[in-house]
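Take a look at the structure set out below.
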Amino acid sequence: MRWFDRNDKPKDAAAFPLGARLKGAVLIDPMPFRLAGEAFGFACPEGPQIIEAIGVVELGDGARLHRLYLSDDAFLQVATQDGQPGDVALFAYLDAIHPANQAAFRAWVEPGSLLGAATYTVANREYRRVWGEGPDVRWTPPVALDEDVYKIAADTKDYDLTLYSMLYERETGADRNELLLVAAEDSGPNEYCISLALGVPLTQAEFEIT
C-alpha cells in the first residue's frame, strides 16, 4: 500500500491487470462484509459492477496503480509490479468537498492542513496515517499522483488529473483494517474536489472480473 517514486515511463495502457477491460464487470464477494458485521464504514457494492473507466498511475520502477471505476460510485484498485498483480483494495466514495477557488484548495494541501495530518476522523472513527513519517510527526505532505483515465478506448486516454493523496487506516476488530483514502483533485483551471473513500484490502479470491 506504499505507492511512491513516480516517473514518466511510457504506458502500455491496454495492459490492464487480471483481464480488466472497459465495460467489463467486477463482482465482489459479499461474505467478508457479512462476517465483519458493522465493523466497516461502508457497504459492499451489490451485484455485477460495470467498469465505467480505468485510471492508471505510474509509481516508478515498473510499479503502477490501476483503478477500475465501477457503476456504484466505487473503484477496485490493483497495484502491479512489472505487470504482475499485487495488493488489491476496494474503495467506495464516502464524501466530496468542492473548494470554491484555488486559495481554498491550497488550504487543503499546505503545511499543517488536515490532509496529511497524523490522524483523520470520519463519523467519529479515527484513522491513522499510513504514508510519510511516523505518527509523532504532526503533518506529512500529501503524495502527488498523476492519473491517466481511459473511458472509451484502452489505447487513448480521455483525460488526466493530479491527485494530492494521503492514505489512512484503522483497526476494525475484523480480519482486516479499514482504509481511508483522502485525495485533493486539481483538474483545473477552476475545478477542485476533495474526495474521501473508505476501503478494505481484498484477496484475488474475493472478487471476479469478467
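Tabulated values for the structure
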| read-out | value |
| --- | --- |
| Residues of the stretch 148-169 satisfying the condition of being in a strand (DSSP E or B) and among the hydrophobic types (A, V, I, L, M, F, W, C) | Val149, Ala153, Leu161, Leu163, Met166, Leu167 |
| Residue within the stretch 137-147 that is in a loop (DSSP other than H, G, I, E, B), charged (D, E, K, R) and farther than 20 Å from Trp108 by Cβ present | no |
| Selection count where residues are aliphatic (A, V, I, L, M) and under 15 Å from Ala117 (Cβ atoms), scope the stretch 164-181 | 4 |
| Residues of the stretch 175-210 satisfying the condition of being loosely packed, with under 13 Cβ neighbours inside 10 Å and assigned to a strand (DSSP E or B) | none |
| Some residue of the stretch 110-121 being touching a strand residue (DSSP E or B) at 6+ places or on another chain (Cβ under 8 Å) and part of a helix (DSSP H, G or I) | no |
| Selected residue (criterion: nearest to Arg128 (Cα to Cα)) from residues of the stretch 146-173 that are β-branched (Val, Ile, Thr) and within 14 Å of the chain's Cα centre (by Cα) | Thr162 |
| Test: Ile54 is surrounded by 16 or more Cβ atoms within 10 Å (Cβ to Cβ) and aliphatic (A, V, I, L, M) | yes |
| Condition check for Thr172: in contact with an Asp or Glu (Cβ under 7 Å, 6 or more places away or on another chain) and outside any strand (DSSP E or B) | yes |
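The numbers here are math on the coordinates, done by the rules we state, and not lab data. Just so it is clear, the model here is predicted, and its values are computed rather than measured. Methodologically, a virtual Cβ is constructed for each residue, glycine included, from the backbone with ideal geometry; neighbour enumeration extends over all protein chains shown.
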